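Here is the structure we will look at, set down as structure tokens.
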Amino acid sequence: MNGSLYGAEPVAVLLAAVRGGRRPPADPQRRYFGYFCSYWPEELLLAAGLEPLRLLPPETAGTPACLPAFCCLPARACLAAAEAGELDALAGVGFAHSCDTVQCLTGIWPHRTRLFFVPPATPLAPGAEVYLRGELHRLWRQLAAAAGVQPEEEALRRAVALMNGVRLLAGRLDEMRPGLPSPLTAALLRAGQLMPRADYAAALEAALPLLADAADEPGGRRRLVLSGSLLESDGLYMMFEELGARVVADDTCTGYRHFAVTVDEGVEPLAGLAARCAARPPCPCRHPGPDRRADYLLDLAGRRGAQGVVLALRKYCDPHAWDAVAVGERLRRSGLPVLVLEMEAAAPGGQERTRLQAFLESL
Amino acid sequence: MKVADEPRYLPLRSSRHLGRTMQKYYLLMRYQHLWGRPLKRPLAWVTSGAPVEILRALGIDVFYPENYGALCGARRAAVELCRAAEAAGYSQDLCSYARAGIGAVLRPDLAPAGGMPRPDLLVMCNNICGTVLKWYEALAGLFNVPLFTIDTPFIAADVEEHAVDYVRTQLRRLIDDLERFTGRRLRPAELERRVALSNQAVGLWCEIRDFCRHRPSPLNAPDLFVHMAPIVVLRGTAGAVGYYRRLRDEVATRVRAGLAAVPGEKHRLLWDNIAIWYRLYRFFRLFSERGACFVTDTYTGGWAAALAPGDPLESLARTYTTIFLNRPVEFRVRQMVELIRAYAVDGFVMHANRSCKPYSLVQEEIRRRVMNETGVPGLLVEADMADARVWAEEPVHNRVQAFLENLELRG
Amino acid sequence: MDLHYYLGVDIGSLTTKVVLLDEEGGLTARAVHRSGYRGGETARRLVEELRREQGLAPEQIIRTVATGYGRVTFPADREVSEITCQARGMAHLFPAARTVIDIGGQDSKVMRVLPGGRVADFAMNDKCAAGTGRFLEVMAQALEVPVEELGALAEGAGGRCAISSVCTVFAESEIISHLAQGTPREDIVAGVCAAVAARVASLAARVGVEPEIAFTGGVARNRGVVRALEAELGRALLVPAEPEITAALGAALIARTLS
């Protein structure tokens, strides 16, 4: 892959956003609103005139006074960053309920402006859709009030259109990924959760032809599906490449799963958002669970010709740790080799390298 | 329920009755498939916060794997069971009730009290935590039986009416599904009767807990932990009412006679979180031998909420959604502060329970706020409710000793 | 005509091992040395010494494979994970082995292997000292006994004292408690060995134990642990005469297959 690709303007802009990414950029023109979890409805923020900034743990994890050791690093590191004042420039923080840890984080987070979104854990249950729409309506009203704007449907429609555009572009990038270095694709997708969305769409649109030109076959590289929760940096992706493999499908929360499925623009915006919530790729925090997820991963592996699956979990992440058993078993029974890789930080070390390498050597 | 150690303070006569009650319960459950089948009574495994009144009203017998987890912890059987689950790939960082429970399914030879009776169905309500959803998904896979879910959305700030409506809708569907499953119709009068029975037992349990406001307290925390079993596993039955009436009478007698659970009660303490089951009496003895009595706690009170009168589904939906573990930090701080005031508490001890994230991750914050608001000292002790492998005797003893010395200095 | 040789280098965090094989795959020489701060350097020196000892010209060593913690620091034809190398080495020594247990200084691993030594599945513990040589070192220190004598001491145990804690630090204080109560050291050592065996047996259960079971790594020299592990698993174990070098042997065997 030639270096000139990385220097080309649209690509450079996207990569710069990822490097800068953790703190809200010092930008007097925009108000950034932080959020956890990819179930958080970014459209509502955009419609309220705010820029959504996914809160990802910083490289150097601090130790917050308030959380015990048996808590995942992303939660601890983000809380430490908040306590250290690194997120003070945010207009507020949004919490979408995913797991017990985030549930607790909502109660101890220091920001004054905290908004909550509790989607159903069982999106197919009776009453779930009505409930979800009720949640979205409530959140929309609260958000508009907090942002000091009138809640207008037109603003929502525009936001949905913008985000759909982003999702389609991300989809095109994802299709190309078997021909691109894994860390590059991962970084470009992460940029879409950190940059002002309109800027991201423009830069990615300009970058896609350059990426298409630079893309080549994965060659003799082992093709793998990577699934898991969040990966806030590219270290693991780099390790794949270094060991002669490539992530041909990325079902991580900070990877393609964040962008999958567009919103139906033919219906009322909040109804469209609710429908997307229920249609997203299976997440361990929602039920029906492991069976659907295993089906999804098998299908993904089939479509991209993958030779194995790596389930990357963060230490103390309960939902993913539970799923790893059932999903791993189903995949193995279907003939797909699986490696469950537990990581404390997002940056893999020698221990992860040994496991990943041994797994690749056994394929 | 047999416990490994004996209490070193005033034992309750009712404790023997408790032993017999729980033994009978486990025996009945163990052979439920024999007597239940001809009566067309299916067996459901349910979570501790499930709206069990509906199941009782439909003639479904209920078994509580969480209570079984506590039993395994108390009998020191949980470690081997957890190992069995870990051997099957379950992370050792997961809830020890769940690991022990799954271990007992995979290795019934290691399971105490005759093991767990095979379920015909599973009923899960996630009001207590998100782990039960995953645990029960795993069970559904292991047993290949239907899983019924009641999703009670977390109350991040205020109780949202659309959330209660959602729960109500799910309860309505649960009834329909269970009617189909059992082949029986739910008679509204029967549901009301079960709700009334739950309320009666809850009322008696509240009376019993309230008695501990008396100085000296007639009960210590281990009593509450041990005697709470029927309010969970026999909820909605006449048996629970009879049981708590008897206990209430004994406790009332103690109060009248001025009998103290801890003779020479010097310090009145509050306990937060689930008990350390494999060290129940030994641990609390560290306190009782210095005149410190745990007069109240946040856990056993979780089953002290009455179901409101009126439409039973509305009432069930609201009560089960608004349990304390489904509430924000502000609510839990309030609850603790009120208990401290009502029970004239001098200090509190919080068990940082590795297995229970919703309970434990917010403890440091709650401790700080409660200490600020009440001026009462709080201690955090790290352990696990059932997995004895994480128990560290020396560090815990040190902390407890320092805390008690502090209390004694305050006078 | 000069003969060709194949080199396997295992750079561990504590010790570095090198193994030299001849064209037939016969063991020509081996060496073990503490790694120090620069395992790569140590390995280079060891290889130099070995080469001179055997009177070989550098070009006679035609293929090299590096493995272990420090494998990326050594210039080799290929670097291969210690899991693959260990499986390969042990399959060579014990063709009937289908499960390989390796307890080293700082980690423990279990591999299920197919005939020929390919890895079917593996599980590792390298994040926690319990169940590794480190655990034994800490306990040996608390008992004021050289680590090498633990095995012999365990043999004299009348009973076995239970050590319940998963954490090395807490287990150490358990031991100190037992000593204070007058429990015989032999019994404590037996308990320590049993604790390691239990931990490793759990790890093994995750990949599924299939006979025959082989046991290697530095800790395999400890008879107490061998016996405790045999008791846990309910079977006799196949233990190599030189457990430290089996991964380096595997690396050299792999070197021999490189074109």
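Numbers below:
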item	result
Region A:201-232, residues that are in contact (Cβ under 8 Å) with a residue 60 or more places away in the chain and closer than 30 Å to A:GLU344 by Cβ	A:ARG222, A:ARG223, A:LEU224, A:VAL225, A:LEU226, A:SER227, A:GLY228, A:SER229, A:LEU230, A:LEU231, A:GLU232
Qualifying residue in region A:74-86 (condition: within 7 Å of chain B (Cβ to nearest Cβ), touching a Pro at 6+ places or on another chain (Cβ under 6 Å) and at pLDDT below 95)	no
Unique match (being in contact with a strand residue (DSSP E or B) (Cβ under 8 Å, 6 or more places away or on another chain), assigned to a loop (DSSP other than H, G, I, E, B) and either among the polar types (S, T, N, Q) or surrounded by fewer than 23 Cβ atoms within 10 Å (Cβ to Cβ) (or both)) among A:PRO282, A:PRO288, A:PRO218	A:PRO218
Qualifying residue in region C:112-134 (condition: touching a Pro at 6+ places or on another chain (Cβ under 8 Å), closer than 25 Å to A:GLY328 by Cβ and in the same structural domain as C:GLY208 (by TED's automatic domain parsing))	yes
Checking C:ARG206 against (1) of a type outside the set (A, V, I, L, M, F, W, C); (2) outside any helix (DSSP H, G or I); (3) at pLDDT below 95, the condition it does not meet	(2)
Number of positions in region C:1-26 that are surrounded by fewer than 17 Cβ atoms within 10 Å (Cβ to Cβ), in contact with a helix residue (DSSP H, G or I) (Cβ under 7 Å, 6 or more places away or on another chain) and closer than 18 Å to C:CYS85 by Cα	1
Filter pass, B:VAL46 being under 24 Å from B:MET385 (Cα atoms), within 14 Å of chain C (Cβ to nearest Cβ) and among the β-branched types (Val, Ile, Thr)	no
Scan of region B:257-288 for residues that are assigned to a loop (DSSP other than H, G, I, E, B) and touching a strand residue (DSSP E or B) at 6+ places or on another chain (Cβ under 8 Å), ordered by number	B:ALA260, B:ALA261, B:VAL262, B:GLU265, B:LYS266, B:ASN273, B:ILE274, B:ALA275, B:ILE276
Residue match in region B:103-115 (condition: farther than 20 Å from B:VAL79 by Cβ and part of a loop (DSSP other than H, G, I, E, B))	no
Among the residues listed as B:ALA78, B:ALA113, B:ALA104, B:ALA85, the single one being crowded, with 23+ Cβ neighbours inside 10 Å, away from chain C (no Cβ under 14 Å) and out of contact with any strand residue (DSSP E or B) (no Cβ under 6 Å at 6 or more places or on another chain)	B:ALA104
Candidate set: region A:114-166, residues that are polar (S, T, N, Q) and more than 10 Å from chain B (Cβ to nearest Cβ); chosen: the one nearest to B:MET124 (Cα to Cα)	A:ASN164
From C:ARG223, C:ARG227, C:ARG256, residue being over 18 Å from the mean Cα position of the chain (by Cα) and of a type in the set (D, E, K, R)	C:ARG256
Matching option when the condition is touching a Gly at 6+ places or on another chain (Cβ under 9 Å), acidic (Asp, Glu), at pLDDT below 95 and outside the structural domain of C:ASP102 (by TED's automatic domain parsing), among C:GLU23, C:GLU82	C:GLU82
Only one of A:ALA358, A:ALA271, A:ALA312, A:ALA347 that is in contact with a Gly (Cβ under 6 Å, 6 or more places away or on another chain) and not in a loop (DSSP other than H, G, I, E, B)	A:ALA312
Checklist (1) exposed (fewer than 15 other Cβ atoms within 10 Å of the Cβ); (2) touching a strand residue (DSSP E or B) at 6+ places or on another chain (Cβ under 6 Å) applied to B:ARG185, failing item	(2)
From B:VAL62, B:VAL79, B:VAL105, residue being free of Cβ contacts under 8 Å to residues at least 60 places away in the same chain and of a type in the set (A, V, I, L, M)	B:VAL105
Filtered residue count, region A:56-73, keeping only those that are of a type in the set (Ser, Thr, Tyr) and either within 13 Å of another protein chain (Cβ to nearest Cβ) or touching a Cys at 6+ places or on another chain (Cβ under 6 Å) (or both)	1
Selection from region A:125-161 of residues that are at pLDDT below 95 and closer than 22 Å to A:VAL102 by Cβ	A:ALA146
Looking only at region C:84-138, and only at residues there that are within 12 Å of another protein chain (Cβ to nearest Cβ) and more than 22 Å from A:GLU342 (Cβ to Cβ), the one that is farthest from the chain's Cα centre (by Cα)	C:LEU114
Tally, over region B:329-362, of residues that are within 11 Å of chain A (Cβ to nearest Cβ), in a loop (DSSP other than H, G, I, E, B) and among the small types (Gly, Ala, Ser)	1
Single match in C:LEU21, C:LEU3 (criterion: over 22 Å from A:THR354 (Cβ atoms) and in a loop (DSSP other than H, G, I, E, B))	C:LEU3
Single residue of region C:154-178 satisfying the filter (away from every other protein chain (no Cβ under 14 Å) and more than 21 Å from the chain's Cα centre (by Cα)) that is surrounded by the most Cβ atoms within 10 Å (Cβ to Cβ)	C:CYS161
Some residue of region C:54-74 being under 18 Å from C:GLY250 (Cβ atoms), free of Cβ contacts under 8 Å to residues at least 40 places away in the same chain and touching a Lys or Arg at 6+ places or on another chain (Cβ under 8 Å)	no
Residue, surrounded by the fewest Cβ atoms within 10 Å (Cβ to Cβ), within region A:139-159, restricted to residues that are without any contact (Cβ under 8 Å) to a residue 40 or more places away in the chain and not in a loop (DSSP other than H, G, I, E, B)	A:GLU154
Output for region A:98-113, where each listed residue is more than 7 Å from chain B (Cβ to nearest Cβ), more than 19 Å from A:SER38 (Cβ to Cβ) and of a type outside the set (Ser, Thr, Tyr)	A:PRO110, A:HIS111, A:ARG112
Condition broken by B:ARG185, with the remaining ones in (1) within 14 Å of chain A (Cβ to nearest Cβ); (2) in a loop (DSSP other than H, G, I, E, B); (3) modelled with pLDDT of 95 or more satisfied	(1)
Any hit, region B:225-248, residues being more than 30 Å from B:ILE54 (Cβ to Cβ) and of a type in the set (Ser, Thr, Tyr)	no
Residues within region A:330-343 that are within 8 Å of another protein chain (Cβ to nearest Cβ) and either touching a residue at least 40 places away in the same chain (Cβ under 8 Å) or charged (D, E, K, R) (or both), tallied	1
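The values are calculated or read from the model by the stated rules, or taken from the named source; none is laboratory data. If you're wondering where the values come from, they're calculated on a predicted model, not measured in any experiment. All Cβ positions, even for glycine, are placed from backbone atoms using ideal geometry, and neighbour counts span all protein chains on display.
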